[in-house]
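The values are calculated or read from the model by the stated rules, or taken from the named source; none is laboratory data. Since this is a predicted model, take the numbers as computed values, not measurements. As a convention, Cβ positions derive from the backbone with ideal geometry for all residues, glycine included, and neighbour counts pool all protein chains shown. Note: accessible area is taken over every heavy atom of the protein model, side chains too, but ligands, DNA and RNA are not part of it. Shrake-Rupley method; radii C 1.70, N 1.55, O 1.52, S 1.80 Å.
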Amino acid sequence: MTLFDDLGADVPVRGVPRRVVSLVPALTEAVEVSAPGRIAGATDYCTHPESLEVSRVGGSKYPKVDEVLAVRPDLVLANSEENRPEDVQRLRANGIPVWVMAAPETVPQALASLRRLLTQGLEVSEPDWLVTAESLWRDTRPERVRAIVPVWRKPWVVLGRDTFGGDVLRRLGVGNVYAGHEDRYPRPKIDELRSRFAEGKADLLVLPDEPYLFTDNDGPEAFPEVPFVLVSGRYLTWYGPSLVDAHRTLEAAFSAW
């Protein structure tokens, strides 16, 4: 049976995949919650479900391909933004079907892609969490605050145009100051970031705890007297079952605005 991934590439699986290696933390959680026992290997950064005990195959950006092959997967899951094309090509050259999910730009796009992967690629019933997440994230609140959202420092990197995290915030009424930037992840200098607040173009600093671990003492000190909110990076950037709890938790985080 030949399927097609989000990029239009063939995924020539032989029957229903029973041994899946996921190179994407969000996909690991989505598959294991929806089809328990299918995940046979995952990266070191695949932290959810917390009870997951499978072979670990290195990092997302630099997986140990030989260890992926050693798991003898029926299918490998990757992401067009998180994983390197050369690793995908090597796996395919060794006869391993790879499903590459396109980096989602919106919540609906992510959920639609997950539905296709789960129901067509893995042949499982549509999970309840997916239906609930679609309902929770369907509407968009009017903009109530303008934010800058760093995801890294040294150098500073912020959310720009067409990002999943940016759409999550937009649906909660949190505008992204850099949403119109030509890059998805701009690298502005700190003086530029500070000037956005000084000029009244930004009201709030949103600091997630991944991929960079921002804390009360690491991040806010670079923006004296600027209001900030610390949020879960998983709730901001993971597409999957976490979106259900994310809606309530993030809504509460921005309730004062």
* Structure fact -> Expressed in angstrom and ordered largest first, the alpha-carbon extents of the stretch 53-184 along the principal axes are 50, 41, 28
* Asked: Mind listing the phi-derived Karplus ³J(HN,Hα) values for the stretch 53-66, rounded to whole Hz, using 6.51, -1.76 and 1.60 with θ = phi - 60°, and x for any glycine or proline?
  -> 10, 9, 5, 9, 10, x, x, 5, 6, 10, x, 8, 4, 4
* All aspartates and glutamates inside 15 Å of Lys64 as judged from Cα atoms, apart from same-chain residues fewer than 8 positions distant -> Asp44, Glu82, Glu86, Asp87
* To do: For Val124 paired with Asp209, estimate the spin-label separation in nm (one decimal), with each label point 7 Å from Cα along the Cα-to-Cβ line.
  => 2.6 nm
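For the chain, with all protein chains present and a 1.4 Å probe, just round the carbon and sulfur fraction of the accessible area to a whole percent. Numbers along the way, then the final one.
Numbers: 5710 of 11910 Å².
Heavy-atom surface of the chain belonging to carbon and sulfur, 1.4 Å probe: 48 percent.
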* Residues of type lysines that Lys189 reaches as a straight line, Cα spacing below 26 Å, ignoring anything fewer than 8 places off in the same chain -> Lys61, Lys154, Lys201
* Structure fact -> Summing -39500 (n - 2.57) over every DSSP H run of at least 4 residues in the chain and dividing by its residue count gives a helix-only mean residue ellipticity at 222 nm, to the nearest 500 deg cm²/dmol, of -8500 deg cm²/dmol
* Structure fact -> With the label point 7 Å along the Cα-to-beta-carbon line of Arg92 and a cut-off under 12 Å to each amide N, the hits in the stretch 3-21 are 4-12
* Structure fact -> The answer for the stretch 10-130, accessible area per residue at 1.4 Å probe in Å², is 44 Å²
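Short version: what are the Cα gyration tensor semi-axes of the chain, square root of 5 times each eigenvalue, largest first, in whole Å?
The equivalent ellipsoid of the chain has semi-axes of 34, 19, 16 Å.
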* Separation between the Arg248 and Thr140 pseudo-spin-labels, each 7 Å from Cα along Cα→Cβ, expressed in nm? -> 2.6 nm
* Asked: With every protein chain left in place, what is the accessible area per residue of the stretch 193-257 in square angstrom, probe 1.4 Å?
  -> 47 Å²
